[in-house]
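Enquirer: Below: one structure in structure tokens.
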Amino acid sequence: MMQIRLGTPADFPAVMDRVVTSFRAGNPGHLRFEGLYPDSVSPGAMHEWRLAFIDDELAGGIQLVPRDLRIAGTVDLPSMGLGNVFCYPANRGQGVMSALLKRCIADMRELGIAICLLGGDRTRYGHFGWEHCGTQRRLSLSRGIKRHADFSPVSVLDLRTWRGDEADTARMFAAYHALPYHCARSPELFAAVLQRPGQVVWLCDDPEFGFAYASVRGRELAEYAGDTPAFDHILRFVLANGDSGVNLPPRTNNGELEELFLGYARSFSVVPAGMGLVVCLAPLLRAYLPVLSSRLAGWQGTFTIACDDGECAQLIGTPDGLAVEETTGGEADLTLSRNDLALLLFGPFPPDLGAMADHEMIRRAFPLPLHLHPLAHV
């Protein structure tokens, strides 16, 4: 018989052993999770885990990590990241993952979470409503783009690396949370994220150029913030040693640093932001009211969007502004699956809407901006 319950600190050793064993079944060199994610994997975070037991033996687990996002400078999006998903090899094929995912979805709905994000296989998670959605700009950065301009390489001696200094951490924390797109973190969590292995955090602190930081993982810029001239110094140092890549948020309310990146882009493309499940539709639309109110200024009327599992939300435009109400019953203007709902709201392309694709509200409102930096992923 299968039982699912929340984890406790006492479960930590067993979960750590079984999750890494499960991953090593397909990747013998996989590192232990408590070392990979010092910010989110610890005895004190075991209440975030849903654990499945078969005949009192740990068979699998999933961690739901809070990820409250600031989007486009005005949207506070209550989100969760789903990660560290494992099924112990001896228990595969027994419905463990299906039961855990259904439990996670039910728990998130009870909590009023707007969206759940993950990085995973569409052939698995797509069956439960997750879909590749959102858009982010993928840039290949090169010093060559500046070959006809003034590209003065920066020496390693002009910069320094973060070593955990509290004053530096406080300045980085303030710079990061000033970005129009960021993940809300406590000061302690912010520092722990930057202690994940595999990254070097470079700092520019100069009276003339200001203060900035960048997390560099191999040839990728994972996170960045600060004054634009100072960050340009970091970028010049990184690119003097070879091409790099970065994922940027949509153009909606992005900042000066993103425009700086574009000036170094040899090429760029648009890729999905990740896999998303629209958990609670009305809270999601309410969170995006600052964006929707601007896009739908002057629009009057009602439009009801429903999911084929019964959840409905209504957008109401009046002379006084825009509102969102959760509704039950009645006929919806548009009914979609969870997968298609994610595509409608966030793109990168809409689902098949038929004639409804030309509706004024649909054309003006969607897709909505969505982005999280790599270090915000679970």
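Read-outs: derived from the displayed coordinates by stated rules, not from any lab. Being a predicted model, the structure only gives us computed values, none of them experimental. With ideal geometry, Cβ positions are generated from the backbone for all residues, glycine too; neighbour counts draw on all protein chains shown.
Enquirer: Set the Förster radius R0 to 35 Å, insert the Cβ-Cβ distance between GLU57 and ASN241 as r into 1/(1 + (r/R0)^6), and round the FRET efficiency to 0.05.
Expert: Efficiency, from the Cβ-Cβ distance: 0.10.
Enquirer: Further question on the same structure: Which whole-number percentage describes the relative contact order of the stretch 147-304, with Cα contacts under 8 Å and a sequence gap of 6 or more?
Expert: 19 percent
Enquirer: For GLU223, what residues show an amide H to amide H distance below 5 Å, using hydrogens built from the backbone and excluding near sequence neighbours?
Expert: When sequence neighbours closer than 5 places are left aside, the close amide H contacts are SER215.
Enquirer: If you don't mind, another one. If Lys and Arg each add +1 and Asp and Glu each add -1, what is the summed charge of the other residues whose beta carbon sits under 14 Å from the beta carbon of PRO351?
Expert: So the environment of PRO351 carries a net charge of -3.
Enquirer: Cα centroids of the stretch 42-56 and the stretch 275-312: how far apart, whole angstrom?
Expert: 34 Å
Enquirer: A further question follows. What list do you get for MET108, MET1, MET356 if you sort them by fewest beta carbons within 10 Å?
Expert: Ordered by Cβ neighbours within 10 Å, fewest first: MET1, MET356, MET108.
Enquirer: Which distance in nm do the two modelled labels at ALA149 and PHE268 give, with both placed 7 Å along the Cα-to-Cβ direction?
Expert: Distance between the two pseudo-spin positions: 1.3 nm.
Enquirer: Next question. Put +1 on the Cβ of every Lys and Arg and -1 on every Asp and Glu Cβ in the chain; which of SER98, SER152, GLY210 then has its Cα farthest towards the positive end of the dipole?
Expert: Positive-most Cα among the choices belongs to SER152.
Enquirer: Taking θ = phi - 60°, what integer Hz values does the Karplus form 6.51 cos²θ - 1.76 cosθ + 1.60 yield along the stretch 37-50, in sequence order, with x for Gly and Pro?
Expert: With the stated coefficients, the stretch 37-50 comes to 10, x, 7, 10, 10, 7, x, x, 9, 5, 5, 7, 8, 9 Hz.
Enquirer: If you don't mind, there's one more thing I want to ask. Distance from a point 7 Å along Cα→Cβ of ALA10 to each backbone N in the stretch 23-48: keep the residues under 19 Å and list them by number.
Expert: 42-48
Enquirer: While we're on this one: Which value, in debye to the nearest 20, describes the size of the charge dipole of the stretch 179-249 about its Cα centre when Lys and Arg Cβ atoms bear +1, Asp and Glu Cβ atoms bear -1, and nothing else is charged?
Expert: The dipole magnitude comes to about 320 debye.
Enquirer: First measure r as the distance between the Cβ atoms of PHE366 and LEU157, then evaluate 1/(1 + (r/R0)^6) with R0 = 30 Å and state the FRET efficiency to the nearest 0.05.
Expert: 0.05
Enquirer: Under 5 Å between amide H atoms, partner at least 5 residues away or on a different chain: which partners does GLN136 have, H built in plane at 1.01 Å?
Expert: VAL271, ALA273
Enquirer: Calculate one ³J(HN,Hα) per residue across the stretch 200-215 by plugging θ = phi - 60° into the Karplus curve 6.51 cos²θ - 1.76 cosθ + 1.60, and present them in order as whole Hz with x for glycine and proline.
Expert: Rounded to whole hertz, the list is 10, 9, 9, 10, 10, 9, 9, x, 7, 9, x, 10, 7, 9, 8, 8.
Enquirer: Here is a further query. Assuming 0.36 nm per residue, please report the length gained on full extension of the stretch SER142 to THR228 beyond their Cα-Cα distance.
Expert: This chain segment gains 29.2 nm when fully extended.
Enquirer: Hey, can you grab everything whose amide H is under 5 Å from the amide H of ALA59? Only 5+ residues off in sequence or another chain; H modelled, so Pro and N-termini drop out.
Expert: Here ALA52, PHE53, ILE54 satisfy the definition.
Enquirer: So if I take the centroid of the Cα atoms in the stretch 130-192 and the same for the stretch 197-211, what is the distance between those two points in Å?
Expert: 9 Å
Enquirer: Mean separation of Cα pairs under 8 Å and 6+ residues apart, divided by the residue count of the chain: what relative contact order is that in percent?
Expert: Once normalised by length, the contact order is 20 percent.
Enquirer: Moving on. Rounded to the nearest 500, what is the 222 nm mean residue ellipticity of the chain from helices alone, with -39500 (n - 2.57) per DSSP H run of 4+ residues and division by all residues?
Expert: After summing the helix terms and dividing by residue count, I get -7500 deg cm²/dmol.
Enquirer: Under a Cβ-Cβ cut-off of 12 Å, what is the net charge of the residues other than GLU258 that fall near it, where Lys and Arg count +1 and Asp and Glu count -1?
Expert: Overall, the nearby charge balance is 0.
Enquirer: Per-residue HN-Hα couplings for the stretch 252-257, Karplus 6.51 cos²θ - 1.76 cosθ + 1.60 at θ = phi - 60°, whole Hz, x for Gly and Pro?
Expert: Couplings: 4, 6, 7, x, 5, 5 Hz.
Enquirer: Hey, can you rank 79-92, 21-34, 170-183 by average C-beta count inside 10 Å, highest first?
Expert: Per-residue Cβ counts within 10 Å, averaged per peptide and sorted highest first, yield 79-92, 170-183, 21-34.
Enquirer: A further question on this structure: As an exercise, use a Förster radius of 25 Å and the Cβ-Cβ distance of HIS359 and ARG109 to find the FRET efficiency, rounded to the nearest 0.05.
Expert: For HIS359 and ARG109, the calculated efficiency is 0.35.
Enquirer: When a/c is below 1.5 the answer is rounded, else prolate if a/b is larger than b/c, else oblate, so apply that to the chain with a ≥ b ≥ c taken from the square roots of the Cα gyration tensor eigenvalues.
Expert: The shape class here is oblate.
Enquirer: Compute the relative contact order of the stretch 1-148 as a whole-number percentage, counting only Cα pairs closer than 8 Å that sit 6 or more residues apart in sequence.
Expert: Result for the stretch 1-148 is 20 percent.
Enquirer: If you add up the charges near ILE4, with Lys and Arg at +1 and Asp and Glu at -1, over every other residue whose beta carbon is less than 12 angstrom from its beta carbon, what do you get?
Expert: Computed value for this residue: +3.
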